[in-house]
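The structure under discussion appears below in the form of structure tokens.
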């Protein structure tokens, strides 16, 4: 780091099991949990359609000696992350399967339980922590209600969505989420996740996790296309969207493509007030992990500048397998000013963190 | 083309010949399918990817006569061969027969379409070359169709980017085996070939989104073909990505290579970094390019270094479509004369084994 503190924009706190949420659920939903439990789009009760690189996608050294899942033990996380690096703030993105529930009311109940659990077990136990509001985003009216409820706690700095949605996120059906996020003054984060109601490419289901993971970048791009051309940023001028764990090397090519198409086909979307790249630069922020690795390391800094010095925010993705170490993630020398913006300043501005 | 660069002697690798109306294919279709089309009121397979009124769908001056733009061989010859002085034009017919669900009907329509291309287009001018249209619904029928036409003026196999299943999957391999045996490249072009949503996150609302997402679909198909081992099983196969942008490729290769380092045990047949596989097997047409306005020499230099080789690029006009602005021309202007010659014709002449003098004789 060398200069000053670090804001880690993507850390995963884990619910070790259903039983951990029981105290935060009403009797009605505790009973539902016992009776039926989780029903998502996954073919399996547990695990993923594509096994990850490692068990629970986690670093092998991230399993706490106390026995819970990676990311479930705050003390252990302090030792491996918060105290090990000069972390000023860390944004928790809990990926518990509340938003993936097919039963809307159960998903909403689980989301509320996760958020109450985050307040009690995380936000109020370490002042460096901030968190994202878990919401049942496929049911936007329920999601909006949860944003209204949870955002009362100052520790929540973002609303959390996943990129592989039932429909593109620019569509009107999702607008209540953006309305609530703006009401609460929170950005909307979209974080890489696997389960999805539809095939994960426009050509159907691939066979391997390497395709799933490589293909996340196109899912994020499709969401950017949708948000911009459906006029979400014109309708919600205060809305900020953070793309988490979707890569960033694709930004320049996509921006050129969208601007060129808008110049030729803009008549179809006459309400768009600016060229697409304007919305990208003004409304969208992107976290760095997994760090792009150009074949020639010297290409990284020009890429960072091409994407935009104000767009990028550092993240480690602790405790996951493809963790980026703050000291080693950049495989080339990054000029101090650019580095400080990426490691610290851009996140402070996006999440309105005092520093 | 622009004023400073003449495409004289160029090979135009992406020209879209259009079927004027469904009944134009009837002379080439078995009587039972003609009856079926008539009695069920089939209205044709014009792809829902180029709305007739959209500026992208037809350049000024291409709407001549009664049929859709690109349906009259004489007009197309004037516009893509005689006008710019091109040496060859490769026809990629986007009539969406591969989106037909019924595998027998789809295969019959594809056969009729290729017969029609041979009779109406390849016979019309020795500078026309065409792509063999196949349906992926029945890969064995597709492979037979490839073998039927190889060398007779057809220079590649054409697949739509939107398919029911990823193109790398083994179900499609008979098509690649046939293409490799016939020494023909396989081209993938944006287009509708299935009922899958046109984006990886569901159906977009606007045409401009559909079109923007076509570049993403090509990325998914390329990822699939490399990861599933198509090039390991068919080392002689070349794949041409048409009309899907070019500048996204370095970012995909970086991400793919990084993931391969960690995840290669899933795909042991990918025994080299994916970027290396891609550079050995893949070419892309330069229209559209997805480049910044006013691209300069420094930009082109950086782009080519990241891409890997100017030998991966093919010149294309995308007639009668009209959306590419001046970026492809601006790219040509920044290349050295030798590089420019490769992009305009040399790469395509070698890829498609085109004879110096137009004609089929040497290709037979």
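Of all residues in region B:141-153, which are farther than 16 Å from residue B:101 by Cα and assigned to a helix (DSSP H, G or I)? Hits for region B:141-153 are B:143, B:144, B:145, B:146, B:147, B:148, B:149.
Check region B:221-236 and report whether any residue there is surrounded by 24 or more Cβ atoms within 10 Å (Cβ to Cβ), closer than 30 Å to residue A:172 by Cα, in contact (Cβ under 8 Å) with a residue 12 or more places away in the chain and within 7 Å of chain A (Cβ to nearest Cβ). Checked region B:221-236: at least one residue is surrounded by 24 or more Cβ atoms within 10 Å (Cβ to Cβ), closer than 30 Å to residue A:172 by Cα, in contact (Cβ under 8 Å) with a residue 12 or more places away in the chain and within 7 Å of chain A (Cβ to nearest Cβ). Any idea which residue in region A:275-290 is surrounded by the fewest Cβ atoms within 10 Å (Cβ to Cβ), counting only those that are touching a helix residue (DSSP H, G or I) at 6+ places or on another chain (Cβ under 8 Å) and either within 11 Å of chain B (Cβ to nearest Cβ) or in a loop (DSSP other than H, G, I, E, B) (or both)? Among them, the one singled out is A:275. Among residues of region B:237-264 being surrounded by fewer than 24 Cβ atoms within 10 Å (Cβ to Cβ) and away from chain A (no Cβ under 14 Å), the one that is nearest to residue A:261 (Cα to Cα) is B:238.
One residue alone among A:222, A:253, A:263, A:202 is touching a helix residue (DSSP H, G or I) at 6+ places or on another chain (Cβ under 7 Å), free of Cβ contacts under 8 Å to residues at least 24 places away in the same chain, within 10 Å of chain B (Cβ to nearest Cβ) and not in a loop (DSSP other than H, G, I, E, B), and that residue is A:253. Scanning region B:167-184 finds one or more residues that are facing chain A (nearest Cβ under 10 Å) and in a helix (DSSP H, G or I). Only one entry in B:325, B:294 is crowded, with 18+ Cβ neighbours inside 10 Å, without any contact (Cβ under 8 Å) to a residue 40 or more places away in the chain, out of contact with any strand residue (DSSP E or B) (no Cβ under 7 Å at 6 or more places or on another chain) and within 24 Å of residue A:258 (Cβ to Cβ), namely B:325.
Summed over region A:82-106, the residues that are part of a loop (DSSP other than H, G, I, E, B) and touching a helix residue (DSSP H, G or I) at 6+ places or on another chain (Cβ under 7 Å) give a count of 5.
The set of residues in region B:185-218 that are facing chain A (nearest Cβ under 7 Å), crowded, with 24+ Cβ neighbours inside 10 Å and in a helix (DSSP H, G or I) comprises B:208, B:209, B:211, B:212, B:213, B:215, B:216, B:217. Is at least one residue of region B:59-66 assigned to a loop (DSSP other than H, G, I, E, B), in contact with a strand residue (DSSP E or B) (Cβ under 6 Å, 6 or more places away or on another chain) and within 26 Å of residue A:262 (Cα to Cα)? No, region B:59-66 contains no residue that is assigned to a loop (DSSP other than H, G, I, E, B), in contact with a strand residue (DSSP E or B) (Cβ under 6 Å, 6 or more places away or on another chain) and within 26 Å of residue A:262 (Cα to Cα).
Against the condition touching a strand residue (DSSP E or B) at 6+ places or on another chain (Cβ under 7 Å) and within 13 Å of chain B (Cβ to nearest Cβ), how does residue A:344 come out, does it pass? Taking the combined requirement at face value, the residue does not satisfy it. The set of residues in region A:208-219 that are closer than 16 Å to residue B:266 by Cα and either part of a helix (DSSP H, G or I) or more than 7 Å from every other protein chain (Cβ to nearest Cβ) (or both) comprises A:209, A:210, A:211, A:212, A:213, A:214, A:215. Would you tally the residues in region A:150-173 being surrounded by fewer than 24 Cβ atoms within 10 Å (Cβ to Cβ), touching a helix residue (DSSP H, G or I) at 6+ places or on another chain (Cβ under 7 Å) and either modelled with pLDDT under 95 or in a helix (DSSP H, G or I) (or both)? Count: 1. Applying the criterion of being surrounded by 22 or more Cβ atoms within 10 Å (Cβ to Cβ) and without any contact (Cβ under 8 Å) to a residue 60 or more places away in the chain to the residues of region A:178-199, the residue that is nearest to the other protein chains (Cβ to nearest Cβ) is A:190. Exactly one residue out of B:156, B:117 is crowded, with 24+ Cβ neighbours inside 10 Å and part of a helix (DSSP H, G or I), and it is B:117.
A single entry from B:42, B:76, B:19 fulfils the requirement of being within 23 Å of residue B:191 (Cα to Cα) and in contact with a strand residue (DSSP E or B) (Cβ under 8 Å, 6 or more places away or on another chain): B:76. Filter region A:41-81 for residues that are more than 19 Å from residue A:15 (Cα to Cα) and in contact with a helix residue (DSSP H, G or I) (Cβ under 9 Å, 6 or more places away or on another chain) and give the result. Once the filter is applied, which keeps residues that are more than 19 Å from residue A:15 (Cα to Cα) and in contact with a helix residue (DSSP H, G or I) (Cβ under 9 Å, 6 or more places away or on another chain), region A:41-81 yields A:49, A:50, A:51, A:53.
The values are calculated or read from the model by the stated rules, or taken from the named source; none is laboratory data. Note that this is a predicted model, so its numbers are computed, not measured. Backbone-built Cβ (ideal geometry, glycine too); neighbour counts: all protein chains shown.
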